[in-house]
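Q: If you scroll down you'll find the structure; I have some questions about it.
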Amino acid sequence: MADVVLRGTFDASQQRRYHHVPFEVPHGVRSMHVAYEYSKRIASDPQLLDGNTLDIGVFDPQGIEPSSPGFRGWSGSHKLEFAIAENWATPPYSAGPIQPGTWHVLLGPYKVGPSGCEYEVKITFSQDPGQPERRPLRIDAKSPAKLKPAARQGWVRGDLHCHTRFSDGDSWPTDMLADAVSRGLDFLGVTDHNQTAHQREYAQLTGSHLPILLPGIEVTTYGGHWNAWGTDTWWEFREPTEAATSRAMQAAAASGALVSVNHPKPFGPPWEYPNAIGYHAIEVWNGDWSRENDVSLSFWEQQLRSGKRIVALGGSDTHNLKEIDADARHGRHLGRPTTWAFTGDDRSPEGVLAALRTGRAFISRDVDGPQIYFDRQADGTFSVRVVDGRQGTLTLVSERGVQTAVQVPTSDWSELFRLTDATQYIRGQLIVQSGEMLALSNAVWLTNHAAADC
């Protein structure tokens, strides 16, 4: 069987636009190997310039339309070669019949340098499907971390954002789950980029003390990223426009998924769709607080002030467990930050997602807190309880700005506040003198009006 070689050049006018390059697969093929190279290659970090970054994916003859079953996977610029066979595939690609007919290589010139991007894709066919790599499917994790239980019954803690070797991480799902156990997490959102093949492997894993798994995906577009949890399908990412992104988020939400804008801050990468609709939440805390998360917090505050009842969430964005991640944007440990959710007695994926969707959640710096509980009382006062936040400054914020700020004097402190100037919402945050965030509550709304379209 003859190899297929695809060659071409992208110029600056084609940057951040996907291209579907067709090729023909003959009868009798049981596996294919794809390798590509391109000129002046640089990493995808948006701070790196003057070179090329070329993303790659594959569609089979079932079609290239949005949500098409023909989508066999996308690996961004992280893998320069991969295999797809009838019985196995290089993660994150999907195994399955190698149907004869017209396939497409999906090429995305994310960055194009001044001299253009020259590429070559070589596709080799074989009648031998080969054998998949064998990986352990049992988690042999250490005992869970000895953490204080939540100060209130019915609360669980977890991380909503992480990556494995099914996208651009350095570890397998077994490693990620083992780390989640050792960190003491009750739930874990699994969010590899632009595909859901990782979910199949997570679903096969066994072991003790396993956290609640929230099946998810990080939809990675050239104008910003968004997470969807409670979904097992891929969502359109190829058209980097506000309208197309809104349609995709609305479709995901209509399917029952919880949808969140990710890291809307410089080099997050940033969120370039300020008027997009269709999301329930914003990842206001991504990785270490010092990494410009104050910009994400401001974006969330703008939505609140406009009357949109958007939920605040956090995620570590952990990519590497085995090696030090050279990308300073990414979290270094699962649970930094930690999102806490009130699920009551329902410790299921659906219970966690329902709690997050309705804002029964807060975010803390790490798995051990601090914890911040914020309630509106029947007489109009607000009850705040802060656990393990001694010497931090509790600030209460409304649509009018800061309402009050007090220093927390003890390790388990409660207080009632009457805030007469607030008319829309109140939220709380715990900070230290340096400005570092320790904990952040969601907004408590003062009216019963339906939420504005988000």
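The values are calculated or read from the model by the stated rules, or taken from the named source; none is laboratory data. Since the model is a prediction, treat every value here as computed from it, not as a measurement. Methodologically, a virtual Cβ is constructed for each residue, glycine included, from the backbone with ideal geometry; neighbour enumeration extends over all protein chains shown. For accessibility, only protein heavy atoms count, side chains too; no ligands or nucleic acids. Shrake-Rupley method; radii C 1.70, N 1.55, O 1.52, S 1.80 Å.
Q: Given the rule -39500 (n - 2.57) for each run of at least 4 DSSP H residues, summed and divided by the residues of the chain, what is its mean residue ellipticity at 222 nm, to the nearest 500 deg cm²/dmol? Provide the component values of the computation, followed by the final result.
A: Numbers: 5 runs with 54 residues, N = 454.
Rounded to the nearest 500, the figure is -3500 deg cm²/dmol.
Q: Mind ranking Ile431, Ile217 by accessible surface for me, highest first, 1.4 Å probe? Don't skip to the end; give the middle numbers.
A: On the way: Ile431 40, Ile217 0 Å².
Order by accessible area, largest first: Ile431, Ile217.
Q: Taking the Cβ of Leu304 as the center, what net charge do the other residues with Cβ under 11 Å away carry, scoring Lys and Arg +1 and Asp and Glu -1? Numbers along the way, then the final one.
A: On the way: positive: Arg305, Lys308, Arg309, Arg427; negative: Glu301, Glu399.
Computed value for this residue: +2.
Q: Still on this structure, I have one more. Separation between the Leu6 and Ser208 pseudo-spin-labels, each 7 Å from Cα along Cα→Cβ, expressed in nm?
A: According to this spin-label approximation, the distance is 5.0 nm.
Q: In what sequence, largest accessible area first, do Glu118, Glu218 appear using a 1.4 Å probe? Present the calculation step by step, with values, prior to reporting the outcome.
A: Details: Glu118 110, Glu218 0 Å².
Output order, biggest surface exposure first: Glu118, Glu218.
Q: How would you order 198-209, 365-376 from highest to lowest mean count of nearby Cβ atoms within 10 Å?
A: 365-376, 198-209
Q: Also: With a 1.4 Å probe and every protein chain kept in, tell me what percent of the accessible surface of the chain is carbon plus sulfur.
A: Details: 9030 of 18810 Å².
Carbon plus sulfur share of accessible area: 48 percent.
Q: Could you state the accessible area per residue of segment 33-104 in Å², with a 1.4 Å probe and every protein chain left in place? Write down the numbers at each step before the final one.
A: Working: 2910 Å² over 72 residues.
Averaged over the residues of segment 33-104, the accessible area is 40 Å².
Q: Something else now. Which entries of Lys40/Lys265; Lys111/Lys265; Lys79/Lys148; Lys79/Lys308; Lys40/Lys322; Lys146/Lys265 show an alpha-carbon separation above 30 angstrom in the structure shown?
A: Violating the 30 Å Cα-Cα cut-off are Lys79/Lys148; Lys79/Lys308; Lys146/Lys265.
Q: Counting only the heavy atoms of the protein chains, how much of Leu446 is accessible to a 1.4 Å probe, in Å² to the nearest 10?
A: Approximately 30 Å² of Leu446 is accessible to the 1.4 Å probe.
Q: Across every pair of different alpha-carbon atoms, what Kirkwood hydrodynamic radius in Å does segment 45-180 reach?
A: Values: mean 1/r = 0.0543 Å⁻¹.
Here the Kirkwood hydrodynamic radius works out to 18.4 Å.
Q: What are the radius of gyration and Dmax of segment 1-56, computed over its Cα atoms and given in Å?
A: Looking at segment 1-56, its Cα Rg and Dmax stand at 14.6, 45 Å.
Q: Further question on the same structure: So what is the relative contact order of the chain, in percent, for Cα pairs below 8 Å that sit 6 or more residues apart?
A: Numbers: 1173 pairs, mean separation 54.5, N = 454.
Value for the chain: 12 percent.
Q: About the Cα centre, and with charges only on the beta carbon of Lys, Arg (+1) and Asp, Glu (-1), how big is the dipole of segment 72-168? Nearest 20 debye, please.
A: On the way: 13 positive and 9 negative charges, 179 e Å.
That gives a dipole near 860 debye.
Q: Let me ask something else about it. Which one, [x] 73, 50, 47; [y] 77, 48, 37; [z] 71, 55, 43, gives Cα extents along the principal axes in Å as derived from the coordinates shown?
A: Of the labelled values, this structure produces [y].
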